[in-house]
Amino acid sequence: MLNMKKNILFLSLIILLSIASGSCKRISNKNETKEVILASFTVLADIISNIAKDDFIVRSITKPGVEVHGYQPTPSDLVNASSAFVFIDNGFGFELWAEKFVSNLKVKRITVAEYLDPIFISEDFYKGKPNPHAWISPKRGILYVDIIVDSLSELRPSKRTLFEENGKIYKDKLSKIDKEFSLFINNLNKDRRYLVSCEGAFSYLTNDYGLKEVYLWPVNAESQITPKSMARTISLVKEKNVPSVFCESTVSNESQMVVANETGANFGGSLFVDSLSDDSGPASSYMKMLEHNLELIKKGLF
Ligand SMILES: [Zn+2]
């Protein structure tokens, strides 16, 4: 019954917002009026902020630290979305909620994955589906910048030069971390090139830089470890003498601690993938997230 009441409230809001959305696309901020760009998750919002800078207001539907795949949008998310002129999502099935969410809004939509080459998941229930976490590789992060610069420029042609200039400065910074990843892994003993994580979220990173990926479950939305997957991970960590295993910030470390205890490997800490940290955390921006991940991987594998 409670759910039904919630649904009715949600639907009423959708109807009200559909009527209102045409008239409130701009947010007044003291003396200036800025348009709102809405991202599905914090990593994307930060990339967009580096391209749009102070000329736009950029917001994320999901907040720092929140699990994104299976997120349930709230009525206040719809209110936020109604003031935006564009909704930008990752795609490749990352935001399981995005399709329904956007169908209730009159906003433009940019889905980054439509312009990317996927790596497909090879195991379990998700076999054959694209792995959504392309941004985890700095090389692909640079492509995200190009895609967002082009797509936003089509929607707001008068801002093209601004988007391109900001995008170039940001890509130069991403190129530096791209080179640092390459340098570290090229110098890493081949026997140590295993990245063991909770979620199979590192395929683009491991593929682009020459690591082998091992994980407990393919996608966080189904973060149930199976005995088979646990046994396979333990056996590989033992056999290959993997020095450290990792987990991610939006899920529990518990299962990976079992792997560490059973094998004698170190627990290398929490990598960030699906969500940034808040401002006081180690991954408050996409750049900081990449730097934090590189530092943990360096410490754990070297
Ligand atoms: Zn994920």
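Worth a mention:
- Note on the chain: with charges restricted to the Cβ of Lys and Arg (+1) and Asp and Glu (-1), its dipole about the Cα centre is near 260 debye.
- Selection from 261, 290, 247, by position along the positive dipole direction of the range 188-301 (Cβ): 261
- GNM result for the chain, Cα springs below 10 Å: residue of 151, 285, 122 fluctuating most strongly: 122
- Proximal aspartates and glutamates relative to residue 299, as straight alpha-carbon distance under 17 Å, when same-chain residues fewer than 8 apart are discounted: 180, 191, 248, 291
- Percent of beta bridges antiparallel (DSSP, the chain, rounded to nearest 5): 20
- GNM on the chain, alpha-carbon springs under 10 angstrom: the most fluctuating residue among 169, 177, 51 is 169.
- Environment charge of residue 62, counting only residues whose C-beta is closer than 10 Å and scoring Lys/Arg +1, Asp/Glu -1: -3
- Label point distance in nm, residue 254-residue 100, each placed 7 Å from Cα along Cα→Cβ: 2.6
- Here the Debye sum runs over all C-alpha atoms of the range 154-302 as equal scatterers in vacuum, and log10 of I(q)/I(0) at q = 0.12, 0.13, 0.18 Å⁻¹ comes out as -0.55, -0.63, -1.06.
- Largest accessible area first, the listed residues 159, 168, 100 line up as 100, 168, 159 when surface is computed with a 1.4 Å probe on the assembled protein chains.
- Ratio Rg/Rh, restricted to the chain and using Cα atoms, in which Rh is the Kirkwood radius: 1.00
- Length added when fully stretched, residue 261-residue 127, from 0.36 nm per residue minus Cα-Cα: 45.3 nm
- Kirkwood hydrodynamic radius (C-alpha pairs) into Stokes-Einstein, the range 96-202, 25 °C and 0.890 mPa s, D in µm²/s: 147
- Bins of 10 Å, starting at 0 and running to the largest distance - Cα pair percent for the range 218-302: 17, 44, 32, 6
- The range 38-145: translational diffusion in µm²/s, Stokes-Einstein, Kirkwood Rh over Cα pairs, 10 °C, 1.306 mPa s: 109
- Residue among 188, 280, 143 farthest towards the positive dipole end of the chain, charges placed on Cβ: 143
The values are calculated or read from the model by the stated rules, or taken from the named source; none is laboratory data. What you see is a predicted model, and the numbers here were worked out from it, not measured in a lab. Positions of Cβ are generated from backbone atoms using ideal geometry, with glycine treated the same way; all protein chains shown enter the neighbour counts. Remember, those area values only see protein heavy atoms, side chains included, never the ligands or the DNA or RNA. Shrake-Rupley method; radii C 1.70, N 1.55, O 1.52, S 1.80 Å.
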